[in-house]
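All of the numbers you see were taken from the coordinates with simple rules; none came from a lab. For clarity, every value in this text was computed on a predicted model and none was experimentally measured. Cβ placement follows ideal geometry from the backbone for every residue including glycine, while neighbour counts extend to all protein chains displayed.
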Amino acid sequence: MVEKSKKTKTVAVVGAGVIGAAIALELQRRGLQVTLIDKGEPGRGTSYGNMASIALDFAAGSGPSTWRKIPRWLLDPEGPVWLRPAYALKMAPWFLRFIAAGRPSRLREIEDAGMSLSNPALGDFRTMLASIDASDLMTDEGCLAIYETEAEFAADRGRMDFMRRYGFDFDVLGGGDIRALEPALSPSIAKAVLLPNNKTIRDPYRLVVRLADAARGLGASFVSGAVRNVEKSGDGTSVVLLESGERLTVDTVVLAAGVHTRYLAEKLGEPIPLETERGYHTQIMQPGVSMRYSVIWPHRAFMITPTAGGIRVGGNVELAGLDAEPDFRRARVLVRHAQRAVPGLKVEESSEWMGHRPALPDTIPIISPSSKMPGVWYATGHGHLGLTYCATTAQLVADMVTGRKPAVDLAPFRIDRY
């Protein structure tokens, strides 16, 4: 008697940013039949404009040091955090959870959880790039954290202590050593910290396209459309309902739609405190200078990165929700700061962009099965670290979906932790 072959398990991955595309590729590689769904083309959402940094030095966003800075930041029109007054009441519950996440005991738990993702992230990323023959998309250089004054450097002592505690490689540089590594930087920069393992991606949009194309090359399909809901059918499968009226029946659904995952989670009866931290960038194609290293200025909370064929200046956090119009004054403030750090920087052939980072108040993502609907999984809320964690998240989600034991304890990332 001939045994019937097992039916290939089908899975819909909702969201074609860097997280969703990486998950789609890994699931397809493991023998599942994947449909990747997004209302736009792969990589055209938030992943398009990120700062192209593999930032391994995770640090929890809350805590007493952050609390002390927030009032000053909010009152500074050129500060790193801007809360639109009309959105303040809507943000209040999120802020309360953010403050609660900064209790000393909780803060250490969050740091341990974040580091459990950061530790394998670079190795997983390199493996992912090699699997699609795209190792050239990652640079060899690291990142420089810069400080204009000794006081700025002293104020960031907690970050140094954190990196020592978790065994990060870093070197403290001064004066001529800084300019020897990155001649474009101003002589006014008093100190810098070299983070050799914080790599840069040459073009984050091209990375997502390569991941999605590789998944399709293995047999995955792509559906363009906005997802309205996910329902369970009588036979145990899941039905993905699109705004167009189309219905996709699959065995498994992975929700990786960034901040938009919040609305789908609400419909499944498990609301999550997922907010948008709006970030801005200016992409300069004729910058007048060349740079080898990405540069972060912690005091001003922004980055300067050689990527996408030019130099990208971006960062900051604007709290204004999904629907408010962009305020590109934020991007121009960052360019002025960047020109202080890199005096030769010109702004020619430039474009401005705004995107929505999916942020949870405890600053670590949700990587979890649904607590309400079997066969549904979440991968969202990666905040500023979606690019950093994409390959590791793909491995962990694929392990859960295929019944393998994940290499990381996923209890801290469960959806019902709130």
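Counting only Cα atoms, the range 231-285 measures 52, 28, 19 Å along its principal axes, largest extent leading. With a cut-off of 14 Å between beta carbons, the residues surrounding THR139 carry a summed charge of +1, where Lys and Arg count +1 and Asp and Glu -1.
Between helix 64-75 and the chain there is an angle of about 80 degrees, using the helix long axis and the longest principal axis of the Cα atoms.
Relative to the longest principal axis of the Cα atoms of the chain, the long axis of helix 104-131 lies at roughly 80 degrees.
Any of LYS90/LYS232; LYS9/LYS372; LYS39/LYS232 with alpha carbons more than 24 Å apart? Name them for me. Going by Cα-Cα distance, LYS90/LYS232 fall outside the 24 Å limit.
Centroid-to-centroid, using Cα positions, the range 236-287 and the range 69-100 are 25 Å apart. Based on every Cα atom in the range 23-143, Rg and the maximum pairwise Cα distance Dmax equal 19.0, 53 Å.
Angle check, please: helix 204-217 long axis (alpha carbons) against the longest principal axis of the chain (alpha carbons), in degrees 0 to 90, nearest 10. Roughly 20 degrees, rounded to the nearest 10. Put a dot 7 Å past the Cα of MET91, heading toward its Cβ, do the same for ARG332, and the two dots end up 2.2 nm apart. Projected label points at ASP213 and GLU349, each 7 Å from Cα along the beta carbon direction, are separated by 2.2 nanometres.
Each principal axis of the Cα atoms in the range 328-418 has its own extent, and those three values, largest first, are 53, 23, 20 angstrom. Scaled against 2.2 N^0.38 Å for its residue count N, the alpha carbon radius of gyration of the range 213-324 is 1.51. Taking a straight line from the alpha carbon of LYS191, these lysines sit under 27 Å away, with near neighbours fewer than eight places off in the same chain left out: LYS69, LYS199, LYS346.
Take the Cα radius of gyration of the chain and divide it by 2.2 N^0.38 Å, N being the number of residues; the result is 0.98.
Taking all C-alpha pairs of the range 137-201, those more than 18 Å from each other amount to 39 percent. Here's how it looks for PHE222: its modeled amide H is under 5 Å from those of LEU36, which are all 5 or more places away or on a different chain. Shown is the FRET efficiency for ASP177 and LEU83, computed with R0 = 51 Å from the Cβ-Cβ distance and rounded to the nearest 0.05: 0.85. Reported to the nearest whole Å, the Cα centre-to-centre distance from the range 297-372 to the range 190-233 is 18.
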